[in-house]
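The block underneath contains the structure these notes are about, expressed in structure tokens.
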Amino acid sequence: MKTTNYNPSAIEVEFAKIIADLKDTIQEKAPHYQITGVQNNSRIDNPHLVFTLVDGDGDRHELLMQFIQRADQ
């Protein structure tokens, strides 16, 4: 499949949704943190997810996961 649009590309959007949908599986593998939210920003160039976490001390953290497709070769 030739990619004709990279801003965002269909693959970037699809993988952002897949990872966001795996929130419960990720939670099982990260028992020391509670995932309190996942914000999916997939309509922008370089879609990204923001995971909001709370650690065992009650401190809040955010992790950003960004999706960037390289140009077809």
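For this structure, a couple of remarks:
- Every helix of 4 or more DSSP H residues in the chain counts as -39500 (n - 2.57), and over all residues that averages to -7500 deg cm²/dmol at 222 nm.
- Share of Cα-Cα pairs in the chain lying beyond 21 Å, as whole percent: 34
Each value in this text was obtained by applying a stated rule to the coordinates, not by laboratory testing. Model, not experiment: these values are computed from the prediction.
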